[in-house]
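Here's the structure we're looking at; comments come further down.
The values are calculated or read from the model by the stated rules, or taken from the named source; none is laboratory data. Computed from a predicted structure; not experimentally measured. Positions of Cβ are backbone-derived with ideal geometry, glycine not excepted, and every protein chain shown enters the neighbour counts. Accessible surface areas use protein heavy atoms only, side chains included; no ligands, DNA or RNA. Shrake-Rupley method; radii C 1.70, N 1.55, O 1.52, S 1.80 Å.
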Amino acid sequence: MESTLLVLVLIVAIVVALVLFLNFFPLGLWISAAASGVRISIMTLIGMRFRRINPSRIVMPMIKATKAGLNVNMNQLETLLLAGGSVDRVVDSLIAAQSAQIPLEFEQSRAIDLAGRNVLEAVTMSVNPKVIETPVVAAIAKDGIELRAKARVTVRANISRLVGGAGEETIIARVGEGIVTTVGSASTHKEVLENPDLISRTVLSKGLDAGTAFEILSIDIADVDVGRNVGAQLQMDQAEADRRIAQAKAEERRAMAVAHEQEMIAAVQEMRAKVVEAEAVVPKAMAEALRNGKLGVMDYYQMQNVISDTNMREAIAGKGDVAKPADPQKK
């Protein structure tokens with residue numbers, strides 16, 4: 001009974017040890033590599049485990065590279081993986097470039113991938129050019145008419161400038177700038193509508209792909225629409241602004257005239273108040289003159305007769321009511 005138990009324990013221990021060994025050493029992957037002609041030692045696979053590298057992410061791309069006849073070694077692939085690159089994408093790009101007879105070295109492909117660009121997409125774009133459609137670009141001709149144009153730019157990847165070259169956004173911005181410049185330099189919008197290829201020729205002649213990761217093959221104007229009459233709208237806005245300025249100045253002059261009139265009225269009222277104040281002193285002075293004997297009674301009545309005659313003449317002439325004679329006794 002004890003011997004049977006020992007045998008079972010030994011079998012379980014062997015199975016556990018075998019599972020741990022197969023988990024640490026990928027025997028199936030090693031067999032696949034050997035069958036594909038990739039020479040890789042057991043110690044190399046074990047070393048990958050110690051370096052915390054999944055062996056399948058190195059061995060499977062190595063098998064593809066070997067089958068394609070590429071000159072790639074394990075150390076290069078491990079370095080690329082440890083640097084954060086995509087080993088599968090780099091190997092696939094090398095295979096695609098070799099099939100399309102595009103000169104591409106492993107170091108160049110690795111640099112492009114580590115720079116954050118999709119090297120496989122770049123190789124594919126070199127074989128099959130890509131069409132970039134720009135958004136609607138609004139431009140105004142010299143006659144003030146707005147034109148809204150949309151262009152399709154056919155580009156091919158320039159692998160030699162993928163590292164450090166500008167992307168699609170720069171191409172779109174430069175094409176939009178070229179459209180605005182071409183339309184803006186046209187005398188009338190009809191010139192552009194009659195010859196849309198004028199935009200293409202002008203934009204292509206500027207060499208817009210300089211410093212970019214692409215080579216522009218063609219620029220085609222997909223659509224040109226007539227927009228607003230911006231010139232007329234600007235003239236209307238200017239006329240409205242001039243009207244408001246003139247109205248504000250007129251209001252300012254009216255306010256100044258009203259203020260001046262109010263000042264004149266206040267001055268007249270002040271003068272009238274001074275006259276009334278001066279007239280109020282006259283009866284007192286006459287009474288004082290009578291008391292002091294400086295003015296005789298006959299002189300006073302003669303003066304009253306003159307005042308009454310003057311008031312009567314003014315009343316007859318229609319200039320006002322007859323004024324009452326001043327009473328010298330009032331103080």
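Which of the residues belonging to the range 44-59 are in contact (Cβ under 8 Å) with a residue 24 or more places away in the chain and either aliphatic (A, V, I, L, M) or on the phi > 0 side of the Ramachandran plot (or both)?
Residues satisfying the conditions are M48, I53, I58, V59.
Restricting to the range 39-67, name every residue that is of a type in the set (S, T, N, Q) and either in contact with a helix residue (DSSP H, G or I) (Cβ under 8 Å, 6 or more places away or on another chain) or within 19 Å of S86 (Cβ to Cβ) (or both).
T44, N54, S56, T66
So, of the residues in the range 111-157 that are acidic (D, E) and in a strand (DSSP E or B), which turns out to be nearest to Q76 (Cα to Cα)?
Ranking the candidates gives E133 first.
For the range 149-185, which positions are within 21 Å of the chain's Cα centre (by Cα), among the β-branched types (V, I, T) and open to solvent by 10 Å² or more (accessible area, probe 1.4 Å)?
Scanning the range 149-185 gives T170, I172, V180, T181.
Under 9 Å between Cβ atoms, at least 6 apart or on separate chains: pull out the pairs that start in the range 174-192 with a residue that is farther than 27 Å from V155 by Cα and in a helix (DSSP H, G or I) and end on any residue that is open to solvent by 70 Å² or more (accessible area, probe 1.4 Å) and among the β-branched types (V, I, T).
So the pair list comes out as H189/I140; H189/V226.
When the range 117-139 is examined, which residues are found to be farther than 13 Å from A213 by Cα and open to solvent by 70 Å² or more (accessible area, probe 1.4 Å)?
Correct list: T124, V127, N128, V131, E133, P135, V136.
Does the range 51-79 hold any residues that are of a type in the set (G, A, S) and either touching a Ser or Thr at 6+ places or on another chain (Cβ under 9 Å) or closer than 19 Å to Q108 by Cβ (or both), and which are they?
A65, A68, G69
Would you confirm whether any residue within the range 88-104 is assigned to a helix (DSSP H, G or I), modelled with pLDDT of 85 or more, open to solvent by less than 50 Å² (accessible area, probe 1.4 Å) and over 15 Å from A122 (Cα atoms)?
Looking for residues that are assigned to a helix (DSSP H, G or I), modelled with pLDDT of 85 or more, open to solvent by less than 50 Å² (accessible area, probe 1.4 Å) and over 15 Å from A122 (Cα atoms), one finds none in the range 88-104, hence no.
Mind checking whether some residue in the range 199-207 is outside any strand (DSSP E or B) and within 17 Å of E146 (Cα to Cα)?
So far as the range 199-207 goes, yes, one or more of its residues are outside any strand (DSSP E or B) and within 17 Å of E146 (Cα to Cα).
I need the full set of residues from the range 30-42 which are open to solvent by 30 Å² or more (accessible area, probe 1.4 Å) and part of a helix (DSSP H, G or I), in order please.
W30, I31, S32, A34, A35, I42 - these are the residues of the range 30-42 that are open to solvent by 30 Å² or more (accessible area, probe 1.4 Å) and part of a helix (DSSP H, G or I).
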